[in-house]
Amino acid sequence: MMGLDPLFGDWAYRALTFLVISCPCALVISIPLSFFAGIGGASREGILIKGSNYLETLSKVKTVVFDKTGTITKGVFEVSGVHHSDRDEAEIIEYAAHAECASSHPISRSLVRRYGKEPDRARVKDIEEISGHGVIATVDGVSVAAGNDKLMQRLGVEYIPCGSAGTVIHVALDGQYAGHILISDLEKEDVREALAALREAGVTRTVMLTGDAESAAKQVADRVGIDEYHSGLLPGDKVTIVEKLIKELGGSGRLAFVGDGINDAPVLSRADIGIAMGALGSDAAIEAADVVLMDDDPMKISRAIRISRKCLRIVYQNIVFALAVKLVCLLLGALGLAGMWAAIFADVGVMVLAVLNAMRALDTKRV
């Protein structure tokens with residue numbers, strides 16, 4: 001019986017070395033671990049990211065679109081006056097508060113607060129809430145319409161525009177104009193800093209969408225320093241504008257929409273990445289969003305983007321490092337210059353180093 005070729009053992013050893021080096025453990029373990037660490041680090045900051053795919057998309061955001069109420073502003077409305085009314089101010093507030101009593105909208109609740117007590121639902125009949133317009137109801141047998149300019153136009157009621165900045169609620173009683181209520185909403189204290197932080201994080205365009213009148217939208221946009229705004233919008237209009245903005249990006253970046261209300265749910269779903277304010281946001285908005293900010297702090301938007309980009313950098317570092325070491329060792333192993341100990345380093349050693357590097361994604365203080 002002829003003996004085995006002495007070269008056979010050498011080539012078998014090289015093949016086994018080659019097999020150990022080519023094991024993908026470093027990539028298979030470190031890449032998911034990097035994403036998990038990034039998501040965990042973000043959650044410690046009060047930023048809940050619902051998956052690694054959203055973390056990756058967040059890192060590519062170039063345009064951020066904001067809903068105004070509850071996002072740019074505090075969403076805490078206060079009645080600041082009743083204008084152009086021949087009736088008693090308390091009477092106008094009473095009618096408007098009763099007409100709006102079935103709504104949970106912040107503007108409606110501000111009318112109820114100004115009224116000073118809980119409206120008597122027994123006095124109210126035939127409530128009809130028209131999305132993006134206002135409310136029509138019968139209060140004590142009087143037909144009450146409370147809403148914006150569009151509602152007055154829809155009912156054919158001649159109204160008097162308001163020269164003051166703020167949210168205007170026109171009131172018509174039995175088809176006759178009775179004046180309008182001016183409601184003010186304050187911007188969040190750190191929103192200007194948040195927008196500046198977004199620009200530092202690489203965001204090139206900021207947009208504000210609102211159903212408020214042009215004057216109120218312009219005043220807020222000018223004060224906070226937002227790039228552009230669109231006013232007088234219905235929920236469907238917001239989706240249309242977001243789709244247009246996504247087309248304008250043309251694949252060179254991603255669009256994030258930030259909102260908190262139930263009307264924002266369709267836009268949050270349509271945007272490349274939806275960000276919901278979790279503290280005061282509606283359940284529908286939180287459900288539709290991909291990222292939830294637990295304390296409604298707009299500064300967390302830029303932090304979320306920075307965390308995601310740090311996480312992706314770590315992922316790419318691990319990929320490049322693991323592949324480079326393995327390719328070098330594979331070449332040396334094929335030439336017989338790398339033994340089993342080099343193969344073990346290229347497999348287990350590289351995996352350990354990649355895992356240690358992935359753990360850096362947990363550190364969100366240095367982003």
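The values are calculated or read from the model by the stated rules, or taken from the named source; none is laboratory data. Quantities reported herein were computed from a predicted structural model and do not represent experimental measurements. Counting neighbours? That spans all protein chains shown, and the Cβs are built from the backbone with ideal geometry, glycine included.
Give region 213-244 a look and list any residue that's assigned to a loop (DSSP other than H, G, I, E, B) and among the hydrophobic types (A, V, I, L, M, F, W, C), or say none. Scanning region 213-244 gives Ala213, Ile226, Leu233, Leu234. The residues on offer are Pro161, Pro119, and the sole one that is touching a Cys at 6+ places or on another chain (Cβ under 6 Å), at pLDDT below 90 and not acidic (Asp, Glu) is Pro119. The residues of region 128-144 that are out of contact with any Lys or Arg (no Cβ under 9 Å at 6 or more places or on another chain) and either within 20 Å of Thr167 (Cβ to Cβ) or not in a strand (DSSP E or B) (or both), listed by number, are Glu129, Ser131, Val135, Ile136, Val144.
For region 84-107, name all the residues that are outside any loop (DSSP other than H, G, I, E, B) and modelled with pLDDT of 85 or more.
Within region 84-107, the first condition is being outside any loop (DSSP other than H, G, I, E, B), and the residues that meet it are 89-99, 106-107.
Across region 84-107, the qualifying residues are Glu89, Ala90, Glu91, Ile92, Ile93, Glu94, Tyr95, Ala96, Ala97, His98, Ala99.
Which of (1) assigned to a helix (DSSP H, G or I); (2) of a type in the set (A, V, I, L, M); (3) in contact with a helix residue (DSSP H, G or I) (Cβ under 8 Å, 6 or more places away or on another chain); (4) surrounded by fewer than 20 Cβ atoms within 10 Å (Cβ to Cβ) does Val28 not meet, given it meets every other one? Val28 satisfies every listed condition except (3).
Looking only at region 324-342, filter to residues that are touching a residue at least 60 places away in the same chain (Cβ under 8 Å) and either in a loop (DSSP other than H, G, I, E, B) or under 46 Å from the mean Cα position of the chain (by Cα) (or both); which one of those is surrounded by the most Cβ atoms within 10 Å (Cβ to Cβ)? The selected residue is Cys329.
Taken over region 225-241, the residue count meeting the criterion of being touching a residue at least 24 places away in the same chain (Cβ under 8 Å), within 23 Å of Asn263 (Cα to Cα) and in contact with a Leu (Cβ under 7 Å, 6 or more places away or on another chain) is 4.
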